[in-house]
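Worksheet for the structure shown next.
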Amino acid sequence: PIASGVIEGACRHLINDRLDITGARWSLEGAEAILKLRSLRSCGDIEKYWEYHKKQSKQRLYRCG
């Protein structure tokens, strides 16, 4: 069900509480980035993502050749 209370609660938790801060201005890219991070945190995968992110950054920055 699209309009279930569970889905509405998740949307409020992930979106409204963060993006509706008085005076905050968000670009589409910035809003999407913060929502992805909040989703990872909510489902418990933030540590796995952060390790992946560090590995990818290191490969990109220190690529030989």
Peptides ranked, highest mean first, by Cβ atoms within 10 Å: ranges 32-42, 46-56: 32-42, 46-56
Using alpha-carbon coordinates, inclination of helix 28-43 to the longest axis of the chain, degrees: 90 degrees
Intensity falloff of region 4-62 expressed as log10 I(q)/I(0), Debye formula with alpha-carbon point scatterers, at q = 0.28, 0.29 Å⁻¹: -1.11, -1.13
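Since every read-out is calculated from the coordinates, none of them should be taken as a lab result. These numbers come from a predicted model, not from an experiment. A quick note on method: Cβ atoms are made from the backbone with ideal geometry, for glycine too, and the neighbour counts reach across all protein chains shown.
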